[in-house]
Amino acid sequence: MTDYDMPEPFAADAARRVMARCDILAAISETPGQLTRTYLSREHLLANKQVGEWMRSAGMRVWQDSVGNICGRYEGQQEDLPAILLGSHLDTVRNAGRYDGMLGVLTAIELVHFLHQRQLRLPRAIEVIGFADEEGTRFGIALLGSRGITGTWPPDWLGRKDEEGIDVAQAMTRAGLDPALILRAKRDAKDFAAYLELHIEQGPCLEQVGTALGVVTAINGARRLNCRFAGVAGHAGTVPMPLRKDALSAAARWIAQIDDLTVARGPQMVATVGTLQCLPGAVNVIPGEVKLTLDVRGPDSEELQELVTALLGLAGTIASRRGIGFSAEEFYHIGATPCDAILQAKLAESLCRIQGSSPRLPSGAGHDAIALAECWPVGMLFIRCRRGISHHPDELVAEADVAVALRAYFDAVSALASTMGDIGASLKAG
Ligand SMILES: [Zn+2]
């Protein structure tokens, strides 16, 4: 054991504290009996205050930045080296679970608490951020906290309104922030060597392989399209089958093949037809028009593009064989965010040491790392959650898994922070 190993008894205590603190934060809610905490609400500011106190008692210098992120810094031996940034978000969806986001902030604080208690300094500083808005619940725009850190707020965000007609600028003023000072939250590229985040998996894969932790390979990119089959409506009794231009029949053939085509591209690609509208929609009328949506996701932007192209090509072929039209229009597009290869390797080493194996998996959900990856190498650890449930009050992680996570997370962070020289540069180069 070195100075930089977190002993199991400490991890067990810390895990208990993390679970208790998740409960405390879950009680800071806008809706009685449920957990809802949205950007710049009174409860968000209270949560920041509480988390700030925990950061302070873990030995950190604490401040709230100009977009409402709560930030803490624990100095290293050398002040001029880029810090390791750890974090996750403190905002929630409506009627949320209590671990999504909060767990990543509270575990990061425990790593610092461990160092502080032992009066240890890593060669470089650790910063922890509780991001102000990742979910986008209040204003319908997400990643406001992490985009504050990267200094990439689009100009129109200040005017975005919530359900009550309060815009972001007004909400900031009410929360004691100055909308003119948003750019003060921006951090220099040289401030951080890397960003790491621990988050619940929000899916069933780790539970299925039977391990507490996995290394995230990428945050999936997503494409969403509105699609339309245009046939000819007609009398359900009088038009013989060979003469029909049935839009629904064509759409059904396509949908039935989407699964096979997607599965053939590997286990990490997913495609979903989530809505379907059949017109004119009468029992005795041949469907003349079908409108549907296609949602396709995967960890590699190029493979995603290839799958979308293949799926649309297939739809065109099916439609033209029947003499009907097919069109598709993309209305949402976000590229995949690959996690840094060197950070993945470091995290995998720690997982192998602590839990004996290191499964890798992509993230199907978005995270603050999407924004931060524009400026710094990012790495993520997933912790299994019961039945993969998230964004729901039944969300649950096991305390024993949190203890394992703390030891593995600390192992990885201390190894990274102890790598001398500018790991930021070598990570970027890698
Ligand atoms: Zn989250």
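The values are calculated or read from the model by the stated rules, or taken from the named source; none is laboratory data. Quick caveat: nothing in here was measured; it's all calculated off a predicted structure. Cβ sites come from the backbone with ideal geometry, for glycine too, and all protein chains shown count toward neighbours. Accessible surface areas use protein heavy atoms only, side chains included; no ligands, DNA or RNA. Shrake-Rupley method; radii C 1.70, N 1.55, O 1.52, S 1.80 Å.
Here is how the numbers come out for the structure above:
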{"quantity": "Any hit, segment 117-135, residues being in a helix (DSSP H, G or I), out of contact with any Ser or Thr (no Cβ under 7 Å at 6 or more places or on another chain), modelled with pLDDT of 95 or more and farther than 25 Å from Val397 by Cα", "calculated": "yes"}
{"quantity": "Hey, Arg16 in a helix (DSSP H, G or I) and either within 16 Å of the ligand (Cβ to nearest atom) or assigned by TED's automatic domain parsing to the domain that holds Leu158 (or both) or not", "calculated": "yes"}
{"quantity": "Residue within segment 243-254 that is closer than 30 Å to Thr337 by Cβ and aliphatic (A, V, I, L, M) present", "calculated": "no"}
{"quantity": "Any chance Glu110 is at pLDDT 95 or above, open to solvent by less than 10 Å² (accessible area, probe 1.4 Å), touching a Lys or Arg at 6+ places or on another chain (Cβ under 9 Å) and not in a helix (DSSP H, G or I)", "calculated": "no"}
{"quantity": "Selection status of Arg16, more than 30 Å from Asp162 (Cα to Cα), of a type in the set (Lys, Arg) and open to solvent by 10 Å² or more (accessible area, probe 1.4 Å)", "calculated": "yes"}
{"quantity": "Residue check, Ser66 more than 14 Å from the ligand (Cβ to nearest atom), in contact with a helix residue (DSSP H, G or I) (Cβ under 8 Å, 6 or more places away or on another chain) and open to solvent by 10 Å² or more (accessible area, probe 1.4 Å)", "calculated": "yes"}
{"quantity": "Of residues in segment 19-44 being among the β-branched types (Val, Ile, Thr) and outside any helix (DSSP H, G or I), the one farthest from Glu134 (Cα to Cα)", "calculated": "Thr31"}
{"quantity": "One residue from Asp300, Asp295, Asp368 being out of contact with any Ser or Thr (no Cβ under 7 Å at 6 or more places or on another chain) and either among the charged types (D, E, K, R) or touching a residue at least 60 places away in the same chain (Cβ under 8 Å) (or both)", "calculated": "Asp300"}
{"quantity": "Segment 396-419 residues that are under 26 Å from Leu81 (Cβ atoms), paired with ones that are basic (Lys, Arg) (beta carbon under 7 Å, 6 or more apart)", "calculated": "Asp411/Arg353; Ala412/Lys346; Ala415/Lys346; Leu416/Lys346; Ala417/Arg124"}
{"quantity": "Within segment 136-156, tally of residues that are in a helix (DSSP H, G or I) and open to solvent by 20 Å² or more (accessible area, probe 1.4 Å)", "calculated": "3"}
{"quantity": "Single match in Leu177, Leu196, Leu206 (criterion: assigned by TED's automatic domain parsing to the domain that holds Leu347, assigned to a helix (DSSP H, G or I) and touching a residue at least 24 places away in the same chain (Cβ under 8 Å))", "calculated": "Leu206"}
{"quantity": "Single condition Gly104 does not satisfy, out of (1) farther than 20 Å from Leu144 by Cα; (2) within 14 Å of the ligand (Cβ to nearest atom)", "calculated": "(1)"}
{"quantity": "Helices (runs of 4 or more DSSP H) completely within segment 295-408 that count 2 or more residues being not assigned by TED's automatic domain parsing to the domain that holds Arg21", "calculated": "301-321"}
{"quantity": "Tally of residues being at positive phi and surrounded by fewer than 20 Cβ atoms within 10 Å (Cβ to Cβ) across segment 69-107", "calculated": "1"}
